[in-house]
Structure formats: C-alpha cells, structure tokens
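First up is the structure itself, then whatever we jot down about it.
Derivation of every value follows stated rules applied to the coordinates shown; laboratory data play no part. Since the model is a prediction, treat every value here as computed from it, not as a measurement. When we count neighbours, we look across all protein chains shown, and the Cβ atoms used for this are built from the backbone with ideal geometry, even at glycine.
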C-alpha cells in the first residue's frame with residue numbers, strides 16, 4: 001500500500017506491506033516494520049547522485065542506505081549487480097544481504113535500482129533525469145527480485161509512464177524547511193532495534 005510520504009526528505013513515494021485489516025473504520029491498516037520501498041528522483045539529496053554511471057550510483061545508494069538502515073556488525077553476502085532495460089532506457093541495480101553477527105537478527109536485504117541519464121556537461125543540458133528505487137527487506141519479509149524484474153520488463157520506468165505515474169512525480173514542489181541542507185549527514189551507527197521503517201536521513 002502507499003503510505004504517507006509527507007515526511008520523506010528524499011524520494012516522492014513510500015510503499016508499505018500491510019499485515020492486517022484497519023483496527024477501526026477510517027484508520028490505516030497495520031504495516032510491517034521490516035520492509036519498505038522508497039522511490040523517486042535521484043537528486044542532490046543523495047550522495048549517489050554524484051556518481052557518473054547508473055551502476056556506480058546504484059552501488060553507492062545501496063551501500064549508503066544499508067549502513068543507515070542496518071548499522072550493526074555483520075557480513076555482506078549474496079551480492080549481485082544486474083543491468084536494467086525498460087523500453088530502451090538503461091539502468092542498473094544492486095542487491096546484497098547482511099548476515100548479522102547477532103544470530104537473533106534475521107538477515108537484512110536491500111535492493112537499489114537507478115535508471116536514466118546523469119547530468120550532461122553542456123550548460124543548457126538541464127537537470128539529470130535519473131530515478132531510484134530502494135527496497136528494504138529481511139529474511140522474514142524478503143525482497144521479491146522476481147517482481148522487480150517484472151516491473152522492469154513491463155516498462156514502468158519508460159519516460160512516458162514515469163511522467164504519468166503519480167508515485168514517480170517530482171517532489172520539487174514540496175517546500176524545504178529553512179536552513180535544511182540538501183545533503184544528508186553521513187550515516188552513523190546507532191543503538192536500538194533494527195528499524196528499516198525509519199526512512200528519514202539525518203540533515204546537517
């Protein structure tokens with residue numbers, strides 16, 4: 001289901017997995033706290049936007065988001081990098097899992113995809129047209145890579161469908177709070193439970 005994205009500091013849509021019916025009429029249903037999907041334009045709010053290629057941007061985005069959402073000792077396993085092609089628009093995706101040192105934590109999973117073209121060097125080239133998806137999951141609620149491939153083949157990322165799809169509209173019309181930096185603070189290790197549902201990077 002589409003969740004409230006008003007508090008997102010990057011991206012323009014937040015998708016959640018429901019776990020039951022709404023507790024009362026008119027209230028949202030409960031959602032899983034160990035899986036989320038964030039998608040939107042790859043802009044300067046994310047360090048990955050500085051990467052020149054989609055493959056490097058996807059890898060950087062996956063590494064940064066993994067350190068933020070899964071800041072616990074562990075080992076990256078089952079790493080994959082694949083190419084994306086949606087109706088002639090190329091891109092790249094990165095996937096890996098984290099096997100935590102704490103055996104009580106299920107393996108974390110993260111899939112990141114970037115598609116589009118980075119900014120050209122010409123002064124009149126306009127802003128870059130790149131988009132991203134971050135899918136966070138665990139062994140209990142795994143990332144469905146098969147579904148991602150179906151979305152790739154179906155052309156969701158094609159320029160025409162991007163313009164029409166309300167989940168992929170640019171967030172540029174949202175006001176930015178005064179004094180808020182466009183770049184997130186570097187990810188820091190934290191204490192507390194594993195919470196992939198925390199989707200706000202820390203501003204400077």
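Numbers at a glance
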quantity	calculated
Fewest-first ranking of 76, 41, 60, using other Cβ atoms within 10 Å as the exposure measure	76, 60, 41
Inter-probe distance in nm under a simple model that places probes 7 Å from Cα toward Cβ, at residue 85 and residue 139	3.6
Length released on extending from residue 31 to residue 44, taking residue separation times 0.36 nm less the Cα-Cα span	1.7 nm
Fully extended contour minus Cα-Cα distance, from residue 129 to residue 117, at 0.36 nm per residue	3.8 nm
Ranking of 80, 67, 97 by count of other Cβ atoms within 10 Å, fewest first	80, 67, 97
Chain lengthening between residue 21 and residue 101 when straightened (0.36 nm per residue, less Cα-Cα)	25.3 nm
Residue order, fewest to most beta carbons within 10 Å, for 77, 115, 110	77, 110, 115
